[in-house]
Amino acid sequence: AQKITQTQPGMFVQEKEAVTLDCTYDTSDPSYGLFWYKQPSSGEMIFLIYQGSYDQQNATEGRYSLNFQKARKSANLVISASQLGDSAMYFCAIQGAQKLVFGQGTRLTINP
Amino acid sequence: DGGITQSPKYLFRKEGQNVTLSCEQNLNHDAMYWYRQDPGQGLRLIYYSQIVNDFQKGDIAEGYSVSREKKESFPLTVTSAQKNPTAFYLCASSIYGGLRTSTDTQYFGPGTRLTVL
């Protein structure tokens, strides 16, 4: 079975600073995918970035990048130049058998 | 605009009632999913469907039922057998159910918040 652990329940960051959200995972599948989603207070889950287990390079999408360390089973999300609109819950998820398994999430607050 | 719609946004249910949550997508995706989210928690899978007229139970299917008669629609019924139905319900879809590449990313609707009175 797959499992995601997000150890930071909450984080507070100053606007324009970079922030790293931690995610560790456990899986016995040799091939898997890792996803990050953002959930603002409205509730909708917004897809941010994806990393495949066989991808040679770390994924990047605009201000989002994924620090993927396969041997350590970690897939940390890095947000560069944080903005007030980045305040939200962030969830890491791993692809399991036909489904996503989510972590408990990290609440990120950006202070002006 | 392509996307996933869920209705209603808020739903109130009396004890012992069945209620149905709507989920529609116009993305031409094969696979659809229902998740439940409790306060301060991640998402848990209730049911999923990879093709029309076929669906499978997820991790917490007891007390719920679904149908998939059309590709675009995947309604969820919360039955009176669900002991604690108050939660936020999210519907999602993906191109197909493989989840093996980024193109299989799940995209979510805005959610329905269900409260039992």
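No lab work stands behind these numbers, since they all come straight from the coordinates. Small disclaimer: the values here were computed from a predicted structure and weren't measured. Methodologically, a virtual Cβ is constructed for each residue, glycine included, from the backbone with ideal geometry; neighbour enumeration extends over all protein chains shown.
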message = Can you tell me how segment A:62-102 classifies by the Cα gyration tensor, rounded, prolate or oblate, using a/c under 1.5 as the rounded cut?
response = oblate
key: Order of B:D54, B:D38, A:D55 - criterion: other Cβ atoms within 10 Å of each residue's Cβ, fewest first   = B:D54, B:D38, A:D55
key: 10 Å Cβ neighbours from other chains, averaged over peptide A:70-81   = 0
remark   = Final fewest-first order of A:M89, B:M32, A:M11 on the 10 Å Cβ neighbour count is A:M11, A:M89, B:M32
note = Listed by chain and number, the lysines with an alpha carbon less than 24 angstrom from that of B:K71, same-chain partners under 8 positions apart left out, are A:K99, B:K9, B:K57
message = With θ taken as phi - 60° and the coefficients 6.51, -1.76 and 1.60, list the Karplus ³J(HN,Hα) couplings across segment A:47-63 in order, rounded to whole Hz; mark glycine and proline as x.
response = 5, 10, 7, 10, 10, x, 5, 9, 5, 6, 10, 5, 6, 9, 8, x, 7
task = For a quick protection proxy, order the peptides A:64-71, B:19-26 by their average other-Cβ count within 10 Å, most packed first.
result = B:19-26, A:64-71
task = Would you tell me the mean number of C-beta atoms belonging to other protein chains that fall within 10 Å of each C-beta in B:43-51, as a whole number?
result = 3
ask   = Say each of B:T86 and B:S7 gets a label point 7 Å from the Cα, pointing the same way as Cα to Cβ; how far apart are those two points in nm?
value = 2.7 nm
task = Mind giving me the nanometre distance, one decimal, between the label points for A:E61 and A:K73, set 7 Å out from Cα along Cα→Cβ?
result = 2.5 nm
inquiry  = With equal scatterers on the alpha carbons only and no solvent term, can you work out the Debye log10 of I(q)/I(0) for chain A at 0.11, 0.18, 0.22 1/Å?
reply    = -0.32, -0.84, -1.23
note = Exposure proxy check on B:L90, B:L45, A:L84, B:L11: fewest-to-most Cβ neighbours within 10 Å is A:L84, B:L11, B:L45, B:L90
